[in-house]
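Visitor: Okay, here's the structure, questions in a sec.
Please treat every number below as a calculation from the coordinates, not as lab data. Predicted model, so just to flag it, every value in this text is computed and none were measured. FYI the Cβ positions are ideal-geometry reconstructions off the backbone, even for glycines, and counts take in every protein chain you see.
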Amino acid sequence: MINVQIEKNPTEHTTSTIRRFTKRVQEAGILNRVRGLRYSTRKESTYVRKKKTLKSLRRREEIQTLLKLGKMPVKTRR
């Protein structure tokens, strides 16, 4: 993590100090990196992935048996 630090000069106005600080932050690329990481998600563990696939396989098998028994309408494509 890069820290940006600005010290106010004795004769410098507050707004120019803030302007200098924002310019340093932009040059460091901190905001772009944070905005890029904002919506990133963690990679799922192998256990969780395996659980999901087993659940979907079980559900698919259940649907097939319901279709064979005629308890579920067959979907047709148009």
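Visitor: Expressed in nm to one decimal, what extension gain is obtained for the pair Thr22 and Arg58 from 0.36 nm per residue of sequence separation less their Cα-Cα distance?
Guide: Details: separation 36, 0.36 × 36 = 12.96 nm, distance 5.49 nm.
My answer for the length gained is 7.5 nm.
Visitor: Can you list the HN-Hα couplings for the stretch 55-63, worked out from phi with the Karplus curve (6.51, -1.76, 1.60; θ = phi - 60°), rounded to whole Hz and with x for Gly and Pro?
Guide: Listing the rounded values in order: 5, 5, 5, 4, 5, 4, 5, 5, 5 Hz.
Visitor: Then there is this: Enumerate the lysines that Lys23 could reach by cross-link, defined here as Cα to Cα under 23 Å, with residues fewer than 8 away along the same chain left out.
Guide: Candidates past the 8-residue exclusion: Lys8.
Visitor: Ok, one more. Rounded to whole Å and sorted largest first, what semi-axes of the equivalent ellipsoid does the C-alpha gyration tensor of the chain yield via the square root of 5 times each eigenvalue?
Guide: 61, 16, 8
Visitor: Something else: Charges only on Cβ, +1 for Lys and Arg, -1 for Asp and Glu: so what's the dipole of the chain about the Cα centre, in debye to the nearest 20?
Guide: 900 debye
Visitor: Could you derive backbone 3J(HN,Hα) for the stretch 9-18 from the dihedral phi with the Karplus parameters 6.51, -1.76 and 1.60 (θ = phi - 60°), listing whole Hz in sequence and x where the residue is Gly or Pro?
Guide: Result, ordered by residue: 6, x, 9, 7, 7, 5, 5, 5, 5, 4 Hz.
Visitor: Right, something else. Only helical DSSP H runs with n ≥ 4 go in: add -39500 (n - 2.57) per run for the chain, normalise by residue count and round the 222 nm mean residue ellipticity to 500 deg cm²/dmol.
Guide: The per-residue figure over the chain is -20000 deg cm²/dmol.
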